[in-house]
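The values are calculated or read from the model by the stated rules, or taken from the named source; none is laboratory data. Note that the coordinates shown come from a computational prediction; the quantities given were computed from them, not determined experimentally. Neighbour counts are summed over all protein chains in view; Cβ atoms, including those assigned to glycine, are modelled from backbone coordinates with ideal geometry. Heavy atoms of the whole protein, side chains included, go into the accessibility calculation; ligands, DNA and RNA do not. Shrake-Rupley method; radii C 1.70, N 1.55, O 1.52, S 1.80 Å.
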Amino acid sequence: MAIRCLRYSAMTLVLSALLVFAIELIFRGSLSSTANFFLQPFKPGWTTVMLFALALVGLDALLGRSYQALLVVAPLTLTLAFIGHQKSLYLGDPLYPTDFLFARQILDLMPLLVRERPWTAVAMVVGIVVSLTLLVVIWCQWRRRMPALGYKGRLARLAFVVPLLAFFVSIMDYGTFSWTRDRLQIIPMMWDQKENYASNGFALAFAMNVPMAHVSAPDGYSAKAIDAIPRSATTIGMPDQKPDIIIVMSESFWDPTRLPGVSIQPDPIPTVRALHSGHVVSPEFGGMTANVEFEALTGFSNAFLPAGSIPYQQYVRAPIPSLATFLRGEGYEARAIHPGTSWFWNRSLVYKDFGFDEFKSEENLPALKKRGPLASDASMTEEIIREADATEKPFFFFAVSLQNHGPYEPDRYANPTHNVQAPISQWARDSLRSYAEGASDADKSLQRLIEWAKQRERPTVIAFFGDHLPPLGPVYVETGFLKSNVAPRKEAADKMLLHHETPLVVWSNREGPVEDMGATSPAFLPYHILKSAGITHPYYTGFLGELSQRYRVVDRNMLMEQDGETVADWARQKEIDPGIRNFRLLQYDMMFGKHRSASDFFPEMGERLHTHTS
């Protein structure tokens with residue numbers, strides 16, 4: 001009996017080691033990096049192996065057969081590691097538990113991915129079917145041939161592993177220090193998720209991100225701290241004739257001529273180049289549009305939320321302040337327009353909490369003409385104009401385009417009008433040309449919108465910007481713009497700007513384009529847009545206006561001051577600039593706290609405030 005127990009324990013430990021090694025190898029894509037994870041003394045590789053062994057023993061006890069847990073755990077964890085590796089390649093971020101909240105969005109994009117790589121899609125489907133079939137066959141054979149465990153043996157295993165696993169779970173709260181966790185070489189690095197996964201391994205880092213749905217209060221958050229935040233003398237103010245405001249967040253809009261050694265003729269973005277106001281420094285790269293949108297509409301920052309989080313999916317569960325709520329309270333018609341599905345990024349519910357009167361999406365928009373596989377920017381622009389002309393009240397429209405969403409397969413558009421010259425592969429040139437055609441269409445749509453606004457008697461402000469750089473993947477590598485398909489999360493300031501800046505135009509039919517705005521975080525856009533419109537507000541033009549005099553960019557890894565000086569890893573410092581600290585406290589108070597700041601900074605919220613429900 002004892003020998004059988006020792007044999008089972010040793011075999012489970014060996015299988016756990018092989019499984020953890022395979023997980024890390026798949027996720028990292030590097031044999032040397034995987035070996036270092038196990039060989040270096042300050043990495044929790046063997047701690048992970050022991051935890052997997054305990055989990056396998058416990059699950060075997062529940063299933064009633066020795067080693068059968070491996071048939072459950074191995075396929076699941078290896079699949080997660082593969083998905084994590086793919087996400088790292090295409091978006092630069094590891095896989096988080098919360099990513100599965102938007103699995104439906106990924107499925108909705110599958111037709112585009114299949115169109116670009118049909119044989120890869122076929123191979124994936126065949127692989128999944130074959131794998132599932134084999135798994136079912138092995139499962140049935142194992143149940144038939146392996147003797148069932150006795151109830152005493154199963155209870156003994158559970159009595160041994162459950163307390164140990166429960167203790168391990170209890171020390172995994174990364175918000176508190178744990179001496180035991182520290183001795184096990186598990187060092188949470190939530191401020192740098194790439195390093196977190198590299199140092200702690202895929203399995204442990206993934207597990208540590210499970211509590212991401214809970215946002216802890218910042219140090220010092222209290223009623224006294226909120227009351228101590230200086231109140232701006234700025235109050236809500238409107239010009240005699242309220243201006244109409246249109247914000248267009250253009251999907252993946254960027255200047256592709258920034259790629260080294262690339263010439264594109266004719267210029268794909270002449271309108272934006274002529275009216276250029278500055279740049280938006282996107283907190284994202286190649287995707288995660290909703291996070292950029294969150295900042296632009298609320299004036300809050302992703303820098304104060306857990307790395308990898310998506311506020312639209314996780315945190316907007318009750319009304320929170322936004323431009324829509326404010327302007328609607330001042331008599332505006334607040335409307336969101338997006339030619340995609342309403343559930344994408346949870347927008348239908350989020351826009352209600354943001355205070356929009358209406359959300360026009362694929363479900364309730366007139367049929368829009370397509371350009372390539374998606375609704376065209378031109379047709380969306382005509383819809384904006386049609387709805388504006390039919391609106392008697394002053395209006396605030398927030399539109400998110402769709403046409404130039406990646407991937408950018410070669411020959412996406414019939415009869416392309418641009419020529420790309422670059423010392424890169426034919427596939428990369430054709431992919432870049434597809435992107436340039438889409439960027440050109442977005443530029444022409446802006447020109448159309450401005451020409452329409454010039455003819456209007458009512459004052460009109462238009463803001464236009466890209467949400468993030470496009471996911472051009474190999475094009476970046478072949479041109480030397482990036483070393484890999486995506487930009488690193490942490491870089492020197494000049495590189496970060498290069499890899500995260502998208503063009504910004506703020507224009508009015510009274511004053512023309514705003515000039516010399518420089519680089520700015522999306523969270524500061526409400527300030528710039530309302531200022532251009534001649535509108536004042538305690539938070540958007542008061543607090544944010546004063547903060548913008550000091551800082552241009554607020555990113556989780558870096559602060560950039562107006563003079564270009566940077567503060568790297570600011571969130572890890574003991575002393576945080578009072579302005580940034582107050583910014584963080586106000587955001588937490590309005591999103592998760594007691595709303596003590598509402599009456600002074602967001603008086604328009606009134607009775608809309610109630611308990612946060614995430």
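Ignoring everything but the protein chains, give the 1.4 Å probe accessible area of residue 444 in square angstrom, nearest 10.
Only protein atoms counted, so the area is about 110 Å².
Anything over 19 Å Cα to Cα? Flag those among 87/194; 369/444; 444/531; 370/454; 360/454; 393/531, in the order listed.
Violating the 19 Å Cα-Cα cut-off are 444/531; 370/454; 360/454; 393/531.
Mind running the shape call on segment 223-613? Use the C-alpha gyration tensor, a ≥ b ≥ c as the square roots of the eigenvalues: rounded below 1.5 for a/c, prolate if a/b tops b/c, oblate otherwise.
Cα axes put segment 223-613 in the oblate bin.
For the chain, what is the mean residue ellipticity at 222 nm derived from helices alone (per DSSP H run of n ≥ 4: -39500 (n - 2.57); sum divided by total residues; nearest 500 deg cm²/dmol)?
Only helices count here, giving -14500 deg cm²/dmol.
Quick one: work out the % antiparallel among DSSP beta bridges in the chain, nearest 5.
Taking every DSSP beta bridge with both residues in the chain, the antiparallel ones total about 50 percent.
Could you derive backbone 3J(HN,Hα) for segment 229-245 from the dihedral phi with the Karplus parameters 6.51, -1.76 and 1.60 (θ = phi - 60°), listing whole Hz in sequence and x where the residue is Gly or Pro?
Each residue's phi maps through the Karplus curve to give 5, x, 8, 6, 6, 5, 10, 5, x, 10, x, 4, 10, 5, x, 6, 10 Hz.
What residues have an amide H closer than 5 Å to that of residue 461, excluding those fewer than 5 places away on the same chain, when H is modeled at 1.01 Å from N in the peptide plane?
244, 245, 246
Can you work out the FRET efficiency for the pair residue 515 and residue 451, with r the C-beta to C-beta distance and R0 = 25 Å, to the nearest 0.05?
0.80
Can you send over the carbon and sulfur percentage of the accessible area for the chain, probe radius 1.4 Å, protein chains only?
On the chain, the fraction of accessible area on carbon and sulfur atoms equals 60 percent.
Suppose a student asked you for the relative contact order of the chain, using Cα pairs under 8 Å spaced at least 6 residues apart; what percent would you report?
Taking the mean separation of contacting Cα pairs over the length of the chain, I get 19 percent.
Heavy-atom accessible area per residue, the chain, 1.4 Å probe: how many Å²?
That works out to 44 Å² for each residue.
Indicate, rounded to the nearest 5 percent, the antiparallel portion of the DSSP beta bridges found entirely in segment 469-568.
Counting only bridges with both partners in segment 469-568, antiparallel ones make up about 100 percent.
Would you list which aspartates and glutamates come within 16 Å of residue 224, measuring only between C-alpha atoms, while excluding same-chain residues fewer than 8 positions from it?
Answer for residue 224, where 16 Å is the Cα cut-off: 589, 600, listed by chain and number.
Please list, in order along segment 350-360, the HN-Hα scalar couplings obtained from phi with the Karplus expression 6.51 cos²θ - 1.76 cosθ + 1.60 (θ = phi - 60°), rounded to whole Hz, x for Gly and Pro.
Once rounded to whole Hz, the list reads 4, 5, 5, 5, 7, x, 5, 5, 7, 10, 9.
Would you mind checking which residues have amide H under 5 Å from residue 333's amide H? H placed 1.01 Å from N; only 5 or more apart, or other chain.
395, 396
Once phi is turned into θ = phi - 60°, what whole-Hz ³J(HN,Hα) does the Karplus curve with 6.51, -1.76 and 1.60 give for every residue of segment 586-601, x standing for Gly and Pro?
4, 5, 4, 4, 7, 8, 10, x, 9, 6, 5, 8, 4, 4, 8, 9
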